[in-house]
Each structure stands twice: as C-alpha cells, then as structure tokens.
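Have a look at this one.
Readers should treat all values here as calculations from the given coordinates under stated rules, not as data from a laboratory. The model shown is predicted, which means the values in this text are computed figures rather than measured ones. Reconstructed Cβ throughout: ideal geometry from the backbone, glycine too, with neighbour counts over all protein chains shown.
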C-alpha cells in the first residue's frame, strides 16, 4: 500500500493518530497498573499522569466542571505515545522516518485487543484516523504554492486598509459511503496556521513533560489536518475487532486519495519526492 511517506520521502507528514472511543469506564484508574505493565513490555516504558478540567452539561442545562485524568504511556524517546482515559484510547506516532501504515495499524490493533482483555470494553462509539501535515514556509515552496488554489479561501476586499497578511483557516466536512464495509463515515479536512513555527498543532501533545517542537526556521507553518472517522450507535466491539484492519485501511485510503488528488500541487509533489 502506497503511503504519503513512501511516495513523498521529504513530505510534510508530521504525526499520525489512531483513536478509539468507548462507553465510559469510570473506574479506569484501577486498571492502570495492569495496562502500564502491558505497555511497558510492548515498548512504552515511560508513564505520565495528566490532569485537566472537563465541562459537562447536565440534564437541566447546568454546567459542571470535573477533573479529567489521562495516562500517557510513551516510548523511551517519546516519539510514540499512547493516551488512555475513561472514554478513549489514542495512539500517536511522530517519528515517521521509516513509516509503514501497516506496521502502525498492527501495533494499534494489538494494543487495542490487549487493553480490552484487561478492561473489557462494552460498546465502541467511534474509531478514527488522523493525519497531520506541517508545511514549513520556505522560499522554494510557500504554502500557497503547495496547496491548490481552490482550497485557499476567498480574498478579502481591497477597500479595507489591512495591516497584515492574516492567518489562513479553512475547514470542510463530508460524509463518505464506505461501500466495501457497508458503513458510513465522516471526513474532516482543516487547514490552519501558526506564526512561530510549532511543528504540531496546539491540541497535539508530543511530550507530556512540556517539550514543544519547532520547525528549523521557526517561521510560518501551515497545517493540513485530515481526520476520517466512523461513529457507531451501540457499536459491538466484536464487529470492530473482527474488521479493524479493513476499517482503518478504508479510512486511510480516503485520506491518501484526498491529499494526493485534491489538496497538493504538482510542484509540491516534485519537491517533496
């Protein structure tokens, strides 16, 4: 299977995420020691506990703030991380030098099945695949030269005295019929920018110790964020687990097709190959 990294050896792919959301497990903390032991043996020896606020809306519209806990299991260099909390499992991969989608899918599937053997997921609500590309602004290839014009938005009126170039932001979501699976999915593409050269969007935690990565020039970067996911109603885990490879391959195929066929220019393909 061709991938962004195989076809574009110098391409902008910066992080790949696999995610599965499940019916809440409120006592997830009691399973963490067993999960940690399994992850340690699977090549994720580092562990960090993260705490954050989460807002919940009650039946009568009242807003309640609760504490959300996440456990992060990471490879020794923090280039692969696994986030576990009461409602979701997220696998992030940053070092894509020897990127193989099949290998990453195999790793995530094994983790998913192993953790299920420990906690016994009841229902699966969502599975998703997210590819983030970070386009560094360079003289030989600006973001406007890399992205096809039809995805660059509409110009602002000339009659206004604009004092800067502004930041670009664009998003579109469409539903997809995955005929080979007899399932419907949702595809979301977003493009947005950062002026100080953060390698990853702000919602991506590469290192829970607070380390932030930047592109070499620390200049403007443009993120091409491709998120493809399936929502399930009363999703039985047996169905997901038995078809996990086919599901993620189908999600991946659409992501690759949109990126290569619709979003990037021939000039970008030539420079990134």
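Restricting attention to the stretch 254-264, and to residues there that are in a helix (DSSP H, G or I) and in contact (Cβ under 8 Å) with a residue 12 or more places away in the chain, which single residue is farthest from residue 141 (Cα to Cα)?
Restricting to residues being in a helix (DSSP H, G or I) and in contact (Cβ under 8 Å) with a residue 12 or more places away in the chain, the top hit is 254.
If you take the residues of the stretch 147-179 that are surrounded by 11 or more Cβ atoms within 10 Å (Cβ to Cβ) and over 21 Å from the mean Cα position of the chain (by Cα), which of them is farthest from residue 227 (Cα to Cα)?
For the stretch 147-179, the residue satisfying everything is 167.
Which one of the conditions (1) within 30 Å of residue 267 (Cβ to Cβ); (2) surrounded by fewer than 20 Cβ atoms within 10 Å (Cβ to Cβ); (3) in contact with a helix residue (DSSP H, G or I) (Cβ under 7 Å, 6 or more places away or on another chain) does residue 129 fail to meet, given that it meets all the rest?
(2)
Out of all the residues in the stretch 203-243, which are farther than 22 Å from residue 72 by Cβ and touching a helix residue (DSSP H, G or I) at 6+ places or on another chain (Cβ under 9 Å)?
If the condition is that a residue be farther than 22 Å from residue 72 by Cβ and touching a helix residue (DSSP H, G or I) at 6+ places or on another chain (Cβ under 9 Å), then 220, 221, 222, 224, 226, 228, 230, 232, 237, 240, 241 are the ones that fit.
Which ones in the stretch 78-106 are surrounded by fewer than 18 Cβ atoms within 10 Å (Cβ to Cβ), in contact with a strand residue (DSSP E or B) (Cβ under 9 Å, 6 or more places away or on another chain) and over 19 Å from residue 132 (Cα atoms)?
Those that are surrounded by fewer than 18 Cβ atoms within 10 Å (Cβ to Cβ), in contact with a strand residue (DSSP E or B) (Cβ under 9 Å, 6 or more places away or on another chain) and over 19 Å from residue 132 (Cα atoms): 86, 87, 88.
From the list 111, 115, exactly one residue is outside any loop (DSSP other than H, G, I, E, B), over 16 Å from the mean Cα position of the chain (by Cα) and closer than 16 Å to residue 29 by Cβ. Which is it?
After applying the criteria, what remains is 115.
Residue 201 - would you say it is closer than 29 Å to residue 122 by Cβ and touching a strand residue (DSSP E or B) at 6+ places or on another chain (Cβ under 9 Å)?
Considered against the rule, which asks whether it is closer than 29 Å to residue 122 by Cβ and touching a strand residue (DSSP E or B) at 6+ places or on another chain (Cβ under 9 Å), residue 201 comes out as no.
Return the residues of the stretch 12-35 that are touching a strand residue (DSSP E or B) at 6+ places or on another chain (Cβ under 8 Å), surrounded by fewer than 17 Cβ atoms within 10 Å (Cβ to Cβ) and assigned to a helix (DSSP H, G or I); say none if nothing qualifies.
29
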